[in-house]
Amino acid sequence: MPKSILVVDNEFRSRKNIAQFLREEGYEVDEADDGVGALDLLEKKNFDLLICDILMPRLSAFDIIDNHTHNGPPRFACAKRTRRLALFHKTLQPL
């Protein structure tokens with residue numbers, strides 16, 4: 001069964017690029033465009049990894065961490081700006 005990852009970023013292009021890259025690598029990927037959407041998905045599903053932009057409207061990555069209590073915390077990776085998708089490939093190999 002593929003590992004599940006939640007990608008959270010309010011920038012559409014960044015979120016879609018990261019999600020597409022991860023799907024091509026064989027991961028099951030869900031997306032949220034802000035922290036409120038992320039918390040909603042985290043309440044409904046267990047994720048192996050959460051990749052999240054730090055600064056977003058409504059709720060930041062820190063707010064997600066503070067407010068998420070259901071199902072225990074997933075592994076968490078934050079980035080203010082990530083330009084190199086290769087970083088994610090290297091980071092996710094152990095999953």
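The values are calculated or read from the model by the stated rules, or taken from the named source; none is laboratory data. Source: prediction; values computed, not measured. Cβ sites come from the backbone with ideal geometry, for glycine too, and all protein chains shown count toward neighbours.
Descriptive notes on the structure:
- Criterion: surrounded by 13 or more Cβ atoms within 10 Å (Cβ to Cβ), modelled with pLDDT of 60 or more and not in a helix (DSSP H, G or I) - qualifying residue of CYS52, CYS78: CYS52
- Here ASP34 meets the list (1) at pLDDT below 90; (2) in contact with a strand residue (DSSP E or B) (Cβ under 8 Å, 6 or more places away or on another chain) almost entirely, failing just condition (1).
- For region 32-50, the count of residues that are out of contact with any Ser or Thr (no Cβ under 6 Å at 6 or more places or on another chain), closer than 17 Å to SER14 by Cβ and β-branched (Val, Ile, Thr) is zero.
- Cβ-Cβ distances below 7 Å connect no pair with a first residue in region 31-50 that is hydroxyl-bearing (Ser, Thr, Tyr), a second residue that is modelled with pLDDT of 90 or more and in a loop (DSSP other than H, G, I, E, B), and a separation of six or more residues or different chains.
- Residue satisfying all of: in region 11-32; outside any helix (DSSP H, G or I) and over 10 Å from the mean Cα position of the chain (by Cα); surrounded by the fewest Cβ atoms within 10 Å (Cβ to Cβ) among these: GLY26
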